[in-house]
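Here the structure comes first, spelled out in structure tokens, and everything after it is commentary.
The values are calculated or read from the model by the stated rules, or taken from the named source; none is laboratory data. Since this is a predicted model, take the numbers as computed values, not measurements. Because the Cβ atoms are built from the backbone with ideal geometry, glycine has one as well, and the counts that use them run over all protein chains shown.
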């Protein structure tokens, strides 16, 4: 039976978490939902920096990086700012993307520069 889009997304988010944990990141939260703004897939911490991570994956014939549009980036930034305000945090942070293409995982840090 074929997996649903949500099941595939959850599976790839778990792969992304395992990948960054292997790099020494501590997972703070998953699937943080900022009302009317959107969702942050993974919030993690390493070396004094908070990482707000979007996970993108797609079928083999389509590069998932193209799903990370300028409007999606704005939603992630706004959701991040909402999170920091809600948690009363004044910290160094980075907006990152993990792109999963089949068996390959690419971690793009600080995509807002």
Looking at (1) modelled with pLDDT of 95 or more; (2) surrounded by 11 or more Cβ atoms within 10 Å (Cβ to Cβ), find the lone condition where residue 48 falls short. (2)
Which numbered condition trips up residue 93, out of (1) closer than 16 Å to residue 14 by Cα; (2) touching a helix residue (DSSP H, G or I) at 6+ places or on another chain (Cβ under 7 Å)? (1)
Run residue 57 past the list (1) at pLDDT below 95; (2) under 19 Å from residue 30 (Cβ atoms); (3) surrounded by fewer than 18 Cβ atoms within 10 Å (Cβ to Cβ) and report the number of the one that doesn't hold. (3)
For residue 100, the lone unmet condition from (1) at pLDDT 95 or above; (2) closer than 18 Å to residue 22 by Cβ; (3) surrounded by 13 or more Cβ atoms within 10 Å (Cβ to Cβ) is (1)
Please verify whether residue 94 is buried (at least 19 other Cβ atoms within 10 Å of the Cβ), under 15 Å from the mean Cα position of the chain (by Cα) and touching a residue at least 40 places away in the same chain (Cβ under 8 Å), treating the condition exactly as stated. no
